[in-house]
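> Below: one structure in structure tokens.
The values are calculated or read from the model by the stated rules, or taken from the named source; none is laboratory data. If you're wondering where the values come from, they're calculated on a predicted model, not measured in any experiment. Cβ placement follows ideal geometry from the backbone for every residue including glycine, while neighbour counts extend to all protein chains displayed. Keep in mind that these areas ignore ligands, DNA and RNA; they rest on the heavy atoms of the full protein, side chains included. Shrake-Rupley method; radii C 1.70, N 1.55, O 1.52, S 1.80 Å.
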Amino acid sequence: MDKSWITKSQSSIAYQQGIQEFTNFAFKGAKENDVVICPCKRCGFRKSVSKSVMFDHSSWSSFPKGYTTWIYHGESFVVPDTISPSITPNMVEDTISVEDTIQNMINDAFGVDRNHANEIPSTSNLEIGQEDYVMPSETQKINEAKEYYELAREGEQPLYEGCRKYCRLSFLVKLYHIKCLCGLSEKAMTMILELIKDAFEYANIPSLLYEAMQSMTKLGLNYVKIPVYPNSCMLYWGEDEDRETCKNCNTSKWKTNEEVSVHKKNKKVSAKVLRYFPLKPRLQRLFLSSKTAEDMIWHATDTNNDGMLRHPRDLEAWKKFDSTHTWFSSDPRNVRLALASDGFNPFGVMSANNSIWPVVLIPYNTPPWVCMKQTSFIMSMIIPSKEAPGNNIDVYLQPLVKKLKELWTNGVDTYDSFKKEIFKLHANLM
């Protein structure tokens, strides 16, 4: 059978005819209700489906390029008489399960284990209005499932027809990464997107940064904006969220028209904004990678106890905490955090009257060669302040303190991809 269609574009006639031939071959001799293992990128040779479902999956989710000998669907794998010594039997599997970085990123953002991605509820059979009759928790799951599948489809859209290196989503993520590293403004990014869109009219990219951000915020690149009184005496948060003025001095939380830029005239703009990054999902994400999840129990599994101080776990304070709170230390996966903050001028100009104060959390569970790397730091919040917040930093830390108390008392359900189980994760600020 001619299998050259596997490497062709999904929109081509040859590809669609090839999918039909493959489906007929896979279900040759099968009964009406039989199911067969599905090779599509989503199912990944892990889920058995019906004939019609396999055809649909293979049509919109790319067929694995290396799967040219259909050993899972009735073909025999014949080892040639002369074979290179460098070829191993594992290479057959390697050509089938190629790691998809974007799909893994989507799975991480939604807290989906890569081996159980198919357990997300299907939304294809939802009728309009059906959500009205579903419990709120179920509605939330359905909405998350919809977002997951929308992102997954976007991760399978090529940047342009025939492009194999970048999909639409991976291109936007890399472009946004450049924006962050180089400090490009939103206006500059929008102009770059407009230029690319104009030069490559068939490229599948948005022309506005706002449209690009709608996709990327679903990956977990989001934060909460909390208005702050300019003198840092209160947050418009919690029971004070709907207040229009400060409860101490009755000053408005909005800028005056003279203080805002021209294009925002007659719009309500907060005088000061705290950017808070939710903590729970970021701690849960530490256990979504089996390698990182294994590192999170290093402090309990490492056997080097020669009395030298190499890590906070070697300190008497750490050992005293363990003996005092045995319920916490009984599970080494519970996260021990450090907190740090410092101010810097975001524009690198000493004469400019601007500064921000990032608040950073550091998980101490991991080995010393891991925990102090920049990639291990967890951004908790960004405090806008011309001067050091001083004792007023307590005002800004309220959202973080609330979540830390919840994590200490109630914890949060977390999937451990190293031990393949769900556990109750607690956290403590050391």
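> Please go through (1) exposed (fewer than 11 other Cβ atoms within 10 Å of the Cβ); (2) over 30 Å from Asn392 (Cβ atoms); (3) hydrophobic (A, V, I, L, M, F, W, C) for Cys249 and return the number of the only condition it doesn't satisfy.
Status for Cys249: all satisfied but (2).
> Return the residues of segment 155-192 that are open to solvent by less than 50 Å² (accessible area, probe 1.4 Å), assigned to a loop (DSSP other than H, G, I, E, B) and of a type outside the set (Gly, Ala, Ser); say none if nothing qualifies.
Once the filter is applied, which keeps residues that are open to solvent by less than 50 Å² (accessible area, probe 1.4 Å), assigned to a loop (DSSP other than H, G, I, E, B) and of a type outside the set (Gly, Ala, Ser), segment 155-192 yields Glu156, Leu159, Cys163.
> Next up: Return the residue satisfying two criteria in turn: it lies in segment 383-406 and is at pLDDT 90 or above and among the hydrophobic types (A, V, I, L, M, F, W, C), and of such residues it is least open to solvent (accessible area, probe 1.4 Å).
Filtering first and then ranking leaves Leu400.
> Could you tell me which residue of segment 21-32 is farthest from Val53 (Cα to Cα), considering only residues that are surrounded by 13 or more Cβ atoms within 10 Å (Cβ to Cβ) and touching a residue at least 24 places away in the same chain (Cβ under 8 Å)?
The extreme case among them is Phe25.
> Which one is modelled with the highest pLDDT among residues in segment 342-372 that are over 30 Å from Asp416 (Cβ atoms) and polar (S, T, N, Q)? Can you show your working first?
Pass one, segment 342-372, residues over 30 Å from Asp416 (Cβ atoms): 342-357.
Now restrict to residues that are polar (S, T, N, Q): 345, 351, 353-355.
On the way: Asn345: 69, Ser351: 58, Asn353: 60, Asn354: 61, Ser355: 75.
Only one residue tops the list, namely Ser355.
> Assuming Pro39 fulfils every condition listed in (1) assigned to a loop (DSSP other than H, G, I, E, B); (2) surrounded by fewer than 14 Cβ atoms within 10 Å (Cβ to Cβ); (3) not polar (S, T, N, Q) apart from one, which condition is it?
Unmet condition: (2).
> Given the options Thr409, Thr414, Thr366, name the one that is loosely packed, with under 15 Cβ neighbours inside 10 Å and either of a type in the set (Ser, Thr, Tyr) or in contact with a Pro (Cβ under 8 Å, 6 or more places away or on another chain) (or both).
Values: Thr414 fails: loosely packed, with under 15 Cβ neighbours inside 10 Å; Thr366 fails: loosely packed, with under 15 Cβ neighbours inside 10 Å.
None of the others qualify; the one that does is Thr409.
> Continuing with the same structure: When you check Ile422 against the structure, is it among the aliphatic types (A, V, I, L, M), farther than 17 Å from Ser232 by Cα, at pLDDT below 90 and under 21 Å from the mean Cα position of the chain (by Cα), yes or no?
Taking the combined requirement at face value, the residue satisfies it.
> OK, next. Examine segment 226-237 for a residue that is buried (at least 18 other Cβ atoms within 10 Å of the Cβ), closer than 21 Å to Ile356 by Cβ and in contact with an Asp or Glu (Cβ under 7 Å, 6 or more places away or on another chain), and state whether such a residue exists. Can you show your working first?
Taking segment 226-237 and keeping what is buried (at least 18 other Cβ atoms within 10 Å of the Cβ), we get 226-229, 232, 234-237.
Now restrict to residues that are closer than 21 Å to Ile356 by Cβ: 226-229, 232, 234-237.
Those still in the list that are in contact with an Asp or Glu (Cβ under 7 Å, 6 or more places away or on another chain) too: 234.
Yes.
> Let me ask something additional. Just to verify a result, which residue in segment 42-54, among those that are of a type in the set (D, E, K, R) and outside any helix (DSSP H, G or I), is most open to solvent (accessible area, probe 1.4 Å)? Outline the logic, then answer.
Residues of segment 42-54 that are of a type in the set (D, E, K, R), as a first pass: 42, 46-47, 51.
Restricting the remaining residues to those that are outside any helix (DSSP H, G or I) gives 42, 46-47.
Numbers: Arg42: 20, Arg46: 117, Lys47: 81 Å².
Restricting to residues being of a type in the set (D, E, K, R) and outside any helix (DSSP H, G or I), the top hit is Arg46.
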